[in-house]
Amino acid sequence: MTMALRWGLPAVVIAACVGYLIYSASGGSSEYYLTVSQLRAQAPAGDVRVAGVVQNDVQKSKGGLHVTFTEKDGTASMPVEYTGTLPDIFQPGITVVVEGRLGGDGVFHARTLLAKCPSRFSTQPYTQ
Amino acid sequence: MILGYLGAGALLAALVMGGFSALLSFWAGWRDTDVFIQVGRRAFYAAAAMTAIAAVLLEVALVTHDFSLAYVVEHTDLSTPIPLVAAGFYGGQEGSLLYWTLILGVLGSASLFASARIGARVAAYAAGILALILSFFLFVLAVVASPFDLLSITPPDGLGLNPVLRDGGMLIHPPVVLAGFASFAIPFAFACAALLAGRADAAWIRHTRRFALLAWSLQSAGLLLGMWWAYHVLGWGGYWSWDPVENVALMPWLATTAYLHSSQVQETRGRLRTWNFGLVILAFLLVVFGTFIVRSGVVPSVHTFAISAIGPWFFGFLFACIVFATALIAFRAGRARVDVEPAPAVSREGAFVLQNLLLIGVIAVVFWGTVLPLVSGMLGAERVVGAAYYERAAGPIFVVILALMAVGPLLPWRRAGRPSLRALRWPAATACVVLVGLLLVGVRSVPALLAFPLASAVAATVFTEYGRAFKKPRTILRKRRRYGAYLAHLGLVAVVAGVAASHFAQQEKDVTLQPGEQVTVAGYTLTYTGSEQRQLQDHTDFVAAMRFGDQTLEPSRATYAGLGGQALTHVAITTTPAADLYVVLAATGADGSASFRVFVNPLVTWIWAGGVVIILGVVLGNVGQRSAVPELARRRVPVTLPA
């Protein structure tokens, strides 16, 4: 058996397996990452992630664990409903990424809610 | 003000020295002139020294609150405690680049210091490549993103530090990670230099081994500290979320882990030369790729990075590195081929190769998950993958790697005969016992039924090897590199157990309680005793106390009045032998009630302990270790005994 065959064959087999794993896993669990206006234009089936800015109408209930608010980008907006702990920096004006799906009632039911966490040391860039 | 001018001047001087060093060193390598080699190397030392001066100046500006510098204003204020003000050095974009450059300069100088003995030309090219990398960073620092930019008006106070970062973790996690990243450049430079000089022997591996180990150890510690910090600060009950920022730190670590294994094959058997060049180069390219991803904001992440002008520059640098490295491997690595008899697949070499291929597979999975938003965004609608993708795609590969860890160390070099196969009976028996035990307890999750038995088989393998060695205790010290590596394997077993337990058996509960009420999660009972407000130096703490046995847990919410009322939740964690109790204060009511999210995370402490053991095993195994293993490449080893 030649050297190439001896090491090349296992390499090809492993590459094929890894390729299949990547293909099957990303096919099954990838989600669209959209803006509010893109979601409004065309809502894909299944869960999506939507980024937008929290508006001034945040309402909390159930001891603060349930929240509704409007999420908006440049042109479109949508009501969002979420149950769970909120990120510390959650407040009107910040950008959040919600993961879930748009219901028939026009409300986005979020499974997870992430705030864009500022990795910068500063609170905001200094402008004069 | 004066610090700004001095700092900018020091950076410019460093850039000039760096460029000078690169030019001279390449010329010296090309023409093999001793004098120029030395001058080039000294110019590198000078560039490193100027960088160090710039770093000191920035630190002085921070600590003395020199608000004429934009960087000082943007990253600190008067109320921030001084250790955190000092940490502002590496807390922002420009400062972290300067820190990176500083580490590169210091470690680069150290690696060049004794490099002449591995051959004048290799040393010259290595100095040239290191000087080029250093000059690139200095150029970005001096021209594109300078930490010494001045403001036209000096404000009375700075903007202050984000509350999430006002934590002890800030003092240790970022510098370790960044130092880890910076140190990957050294094995890369020497590998490329060896290729340029046409040297295919293992001299560069021996010379850079301690730097590869340093890069690997720092990166391991950085990943571990990052997980620990996220777990204790972020309050979502986990430690790893497959965010692009985590992924790009994981990939070079995986590549270096592969290299630390495969370099042994070259050192002891003279094989896999081209492969080793490739792995070291891959690790460095992944570091540059990660830096580009993290600092350009091209993929969506929960971290928003300062989207600055340095993105395109890093892209250009990445492109140049890829072209350079690919060309080197394509045109020079052919010379590294050696004509040795191929080893049979079932042997120590075979196990190492398989492990390497599998680790590359994991890198491919993580890489695809990281760049998918970028690729899909170019082709149409942007798509993202979550934790489920990584678990489904990388999980099976990790299972095979675990199985290999149980088998590999028991296989001899060159060939596997009957005796070595017989050695496998202990790990196999252990795995079976654990499997049956788990089934009897009622575990039905297939991943858990694979992870725990295989991890225990790895442990059995390690103990088998230690058992053999204890008959001749002196061998442990003499071959401490090997037994240190086994210790690292044992640490990994603990990490796997911790990850699997906390992943498959985590429990959580959301609850709203009045003072005096109780909640029970997974058999742990907590009593809410009431809340109180505390005024501290720069924030107000709202504490909701929970009694657990004779301990009091104090999850709290801090409000920073000086930062426009920004809030920060402090998680309360208590560790029992079996699990962590992890309590987050979610909200408080006007009537004295409080809402909590309570997690029970089994065996999380095993992850931290195991991680420490992994690093200790590798470090202890290599302390005071002379690179004594001779390369056997030239010697042909008969595969079969003569009849």
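For region A:33-72, a residue qualifies if it is modelled with pLDDT under 80, in contact with a strand residue (DSSP E or B) (Cβ under 6 Å, 6 or more places away or on another chain) and either within 20 Å of B:Asp510 (Cα to Cα) or away from chain B (no Cβ under 13 Å) (or both), and the qualifying residues are A:Gly63, A:Gly64, A:Leu65.
Counting only strands (runs of 3 or more DSSP E) that fall entirely inside region A:50-109 and contain at least 2 residues that are over 19 Å from A:Tyr32 (Cβ atoms), the qualifying elements are A:59-61, A:66-72, A:77-83.
Which one is farthest from A:Gln42 (Cα to Cα) among residues in region B:363-375 that are at the interface with chain A (Cβ under 9 Å from one of its Cβ atoms) and free of Cβ contacts under 8 Å to residues at least 60 places away in the same chain?
B:Ala364
Can you pull out the residues in region B:32-54 that are of a type in the set (A, V, I, L, M, F, W, C) and surrounded by 24 or more Cβ atoms within 10 Å (Cβ to Cβ)? B:Ile37, B:Phe44, B:Ala47, B:Ala48, B:Ala54 - these are the residues of region B:32-54 that are of a type in the set (A, V, I, L, M, F, W, C) and surrounded by 24 or more Cβ atoms within 10 Å (Cβ to Cβ). Within region A:1-25, restricting attention to residues that are among the small types (Gly, Ala, Ser) and at pLDDT 80 or above, the residue that is nearest to A:Val97 (Cα to Cα) is A:Ala25.
Among the residues of this structure, B:Pro447 does not count as one that is touching a Ser or Thr at 6+ places or on another chain (Cβ under 9 Å) and touching a residue at least 12 places away in the same chain (Cβ under 8 Å). I'd like to know if region B:268-276 contains one or more residues that are touching a Leu at 6+ places or on another chain (Cβ under 6 Å) and in a helix (DSSP H, G or I). The answer is no; no qualifying residue exists.
Can you name the residue in region B:168-200 that is crowded, with 19+ Cβ neighbours inside 10 Å and part of a loop (DSSP other than H, G, I, E, B) and, of all such residues, is modelled with the lowest pLDDT? My answer is B:Ala200. Please tell me if B:Ala221 is at pLDDT below 90 and either part of a helix (DSSP H, G or I) or aromatic (Phe, Trp, Tyr) (or both). Criteria not met by B:Ala221. If we keep just the residues of region B:553-588 that are surrounded by fewer than 14 Cβ atoms within 10 Å (Cβ to Cβ) and over 24 Å from B:Phe504 (Cβ atoms), which is farthest from the other protein chains (Cβ to nearest Cβ)? Restricting to residues being surrounded by fewer than 14 Cβ atoms within 10 Å (Cβ to Cβ) and over 24 Å from B:Phe504 (Cβ atoms), the top hit is B:Ala561.
Would it be correct to say that B:Pro427 is under 21 Å from B:Ser347 (Cβ atoms), touching a residue at least 40 places away in the same chain (Cβ under 8 Å) and over 29 Å from the mean Cα position of the chain (by Cα)?
Spelling it out, it is not the case that B:Pro427 is under 21 Å from B:Ser347 (Cβ atoms), touching a residue at least 40 places away in the same chain (Cβ under 8 Å) and over 29 Å from the mean Cα position of the chain (by Cα).
On the basis of being crowded, with 19+ Cβ neighbours inside 10 Å and modelled with pLDDT of 80 or more, does B:Val353 make the cut?
yes
So which residues in region A:73-93 are of a type outside the set (D, E, K, R) and within 14 Å of another protein chain (Cβ to nearest Cβ), if there are any at all?
Across region A:73-93, the qualifying residues are A:Tyr82, A:Thr83, A:Gly84, A:Thr85, A:Leu86, A:Pro87, A:Ile89, A:Phe90, A:Gln91, A:Pro92, A:Gly93.
Looking at B:Leu98, B:Leu78, can you tell me which residue is in a helix (DSSP H, G or I) and either at negative phi or at pLDDT 90 or above (or both)? Result of the check over B:Leu98, B:Leu78: B:Leu98. Only one of the numbered conditions (1) surrounded by fewer than 20 Cβ atoms within 10 Å (Cβ to Cβ); (2) away from every other protein chain (no Cβ under 11 Å); (3) touching a Gly at 6+ places or on another chain (Cβ under 9 Å); (4) over 30 Å from B:Leu454 (Cβ atoms) is not met by B:Asp550, and that is (3).
In region B:219-233, the count of residues that are over 30 Å from B:Ala558 (Cα atoms), within 14 Å of chain A (Cβ to nearest Cβ) and without any contact (Cβ under 8 Å) to a residue 12 or more places away in the chain is zero.
The helices (runs of 4 or more DSSP H) found wholly in region B:376-479 and carrying at least 3 residues that are touching a Leu at 6+ places or on another chain (Cβ under 8 Å), within 14 Å of chain A (Cβ to nearest Cβ) and surrounded by 15 or more Cβ atoms within 10 Å (Cβ to Cβ) occupy B:387-407. Of all the residues in region B:505-539, those that are without any contact (Cβ under 8 Å) to a residue 60 or more places away in the chain and either hydrophobic (A, V, I, L, M, F, W, C) or within 14 Å of chain A (Cβ to nearest Cβ) (or both) number 2.
Please determine whether any residue of region B:496-510 is of a type in the set (Val, Ile, Thr) and crowded, with 20+ Cβ neighbours inside 10 Å. Working first, answer last.
If we filter region B:496-510 for residues that are of a type in the set (Val, Ile, Thr), which is where we start, we get B:496, B:499.
If we keep only those that are crowded, with 20+ Cβ neighbours inside 10 Å too, we end up with B:496, B:499.
Yes, there is a match, as at least one residue in region B:496-510 is of a type in the set (Val, Ile, Thr) and crowded, with 20+ Cβ neighbours inside 10 Å.
The values are calculated or read from the model by the stated rules, or taken from the named source; none is laboratory data. Note that the structure is predicted; figures quoted are calculated from it, not measured. Virtual Cβ from ideal backbone geometry, glycine too; neighbours counted across all protein chains shown.
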